[in-house]
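Q: My questions all concern the structure below.
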Amino acid sequence: MGVVFPLVRDETVQIDQVRLGTLYQQLGAAGADRVIGRASRELSARIARCHRLWEVGDTFALCKCARSLIPIAEQAGMTEFTRVARHVTLTAAGQDAVALTATLFRLQRVGDSSLRAVRQMQRMMV
């Protein structure tokens, strides 16, 4: 019998510190915290919506939903999240079910990691 190795699904994320710093500089700590908090909640809700759309097989709506993540993630400085959301958009538009499934679940992992990283950076900025 063969040896089974567990897969490690840890994603490295990139946060644009300059963008976050600019946000704090322009809006102040309280304003930037509100913007980032709102963006985080919106991203979480839209990722969940993407998964629901994937479950029912609505790739057209999934493509639109994934595309809508991009400007929100960019505003919050989540560069890796933005990149993966673009990949989900492309795979949804390309009707490749296997690639779409893989990129969508990667989006979930990168999204979770990005949201945690932004919260950590928020604490450092204050």
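The values are calculated or read from the model by the stated rules, or taken from the named source; none is laboratory data. Treat the numbers as computed from the prediction; the structure is a model and nothing was measured. We place every Cβ from the backbone using ideal geometry, glycine too, and count neighbours over all the protein chains shown.
Q: Restricting attention to the range 96-114, report how many residues are farther than 15 Å from Leu62 by Cβ and either more than 10 Å from the chain's Cα centre (by Cα) or β-branched (Val, Ile, Thr) (or both).
A: Looking only at that region, the number is 1.
Q: Sort out which residues of the range 90-114 are of a type in the set (Lys, Arg) and closer than 15 Å to Ala45 by Cα, and write them in order of number.
A: Correct list: Arg109 only.
So that you can scan it fast, the table gives a plain yes or no per residue for (1) without any contact (Cβ under 8 Å) to a residue 24 or more places away in the chain; (2) part of a helix (DSSP H, G or I); (3) not basic (Lys, Arg):
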| residue | (1), (2), (3) |
| --- | --- |
| Arg19 | no, yes, no |
| Ile36 | no, yes, yes |
| Glu55 | yes, yes, yes |
| Ile72 | no, yes, yes |
| Thr101 | no, yes, yes |
| Leu104 | no, yes, yes |
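Q: Here's another thing I want to ask about it. Of the conditions (1) surrounded by 14 or more Cβ atoms within 10 Å (Cβ to Cβ); (2) under 21 Å from Ser113 (Cβ atoms), Tyr24 satisfies every one except a single condition; which number is it?
A: Unmet for Tyr24, out of (1) surrounded by 14 or more Cβ atoms within 10 Å (Cβ to Cβ); (2) under 21 Å from Ser113 (Cβ atoms): (2).
Q: If a residue must be under 9 Å from the mean Cα position of the chain (by Cα) and either among the aromatic types (Phe, Trp, Tyr) or crowded, with 21+ Cβ neighbours inside 10 Å (or both), how many such residues does the range 67-84 contain?
A: Looking only at that region, the number is 6.
Q: Test of understanding: among Gly94, Gly37, which residue is of a type in the set (Gly, Ala, Ser), within 17 Å of Gln122 (Cβ to Cβ) and either buried (at least 17 other Cβ atoms within 10 Å of the Cβ) or modelled with pLDDT under 95 (or both)?
A: Gly37
Every residue, every condition in (1) closer than 12 Å to Leu107 by Cβ; (2) at pLDDT 95 or above, yes or no:
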{"position": "Glu11", "(1), (2)": "yes, no"}
{"position": "Gln14", "(1), (2)": "no, no"}
{"position": "Leu23", "(1), (2)": "no, no"}
{"position": "Gly28", "(1), (2)": "no, no"}
{"position": "Leu53", "(1), (2)": "no, yes"}
{"position": "Ala66", "(1), (2)": "yes, yes"}
{"position": "Val88", "(1), (2)": "yes, yes"}
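Q: Follow-up. Kindly indicate which of Arg86, Arg38 is basic (Lys, Arg) and closer than 17 Å to Val118 by Cβ.
A: None of the other options fit; the residue is Arg38.
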